[in-house]
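One structure is given here, and the rest of the page talks about it.
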Amino acid sequence: EPSPKEKPASGARDWFEQGLALEDSDPEASLRAYQQALEADPELLDAHLNRGRLLHEAGQLAEAEQAYSDALSACGAEPLLLFNLAVLLEDIGRGAEAIEAYRAALDGDPALADAHYNLALLHENLKQPQEAIRHMAQYRRLQRSGKA
């Protein structure tokens, strides 16, 4: 049942805006609003991104992984979705899968500096110094060029 702060919304964009407005004050209501947005428009990338991030932040890791999986099915290999999934996979100790997801994100957007940075750290932890150095160098190049 909607809380008093939740007002009925008509379309996907309205539900999305409602979710944004509620993120800080009522994350659960925000999640419901994002879900409504996705029911109205299953391809609304921003709603997928925000819903997955909120679930991740709330420690609902399996739900977050499912949210990103659903998002990839609906929206395709969007670099930010892949990046967020990679961060989640890294947080749950699935480094090899995280590396794959970061690489896929970079295939779609080679200027995604944070993906290079996170990959550098992952490779460093895996004792793969050449890969770590390569990604850190790319991260620094992007930082200097103002693309990050």
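The values are calculated or read from the model by the stated rules, or taken from the named source; none is laboratory data. Note that the structure is a prediction, hence the values are computed from the model and not measured. Note: accessible area is taken over every heavy atom of the protein model, side chains too, but ligands, DNA and RNA are not part of it. Shrake-Rupley method; radii C 1.70, N 1.55, O 1.52, S 1.80 Å.
Observations, loosely collected:
- Restricting the range 120-134 to residues that are in a helix (DSSP H, G or I) and either open to solvent by less than 90 Å² (accessible area, probe 1.4 Å) or hydrophobic (A, V, I, L, M, F, W, C) (or both), the residue that is nearest to G93 (Cα to Cα): L122
- Residue that is more than 11 Å from the chain's Cα centre (by Cα) and open to solvent by 60 Å² or more (accessible area, probe 1.4 Å), where the choices are A137, A77: A77
- Helices (runs of 4 or more DSSP H) lying entirely in the range 1-114 (those with 3 or more residues that are under 30 Å from H135 (Cα atoms)): 45-57, 61-75, 79-91, 95-108
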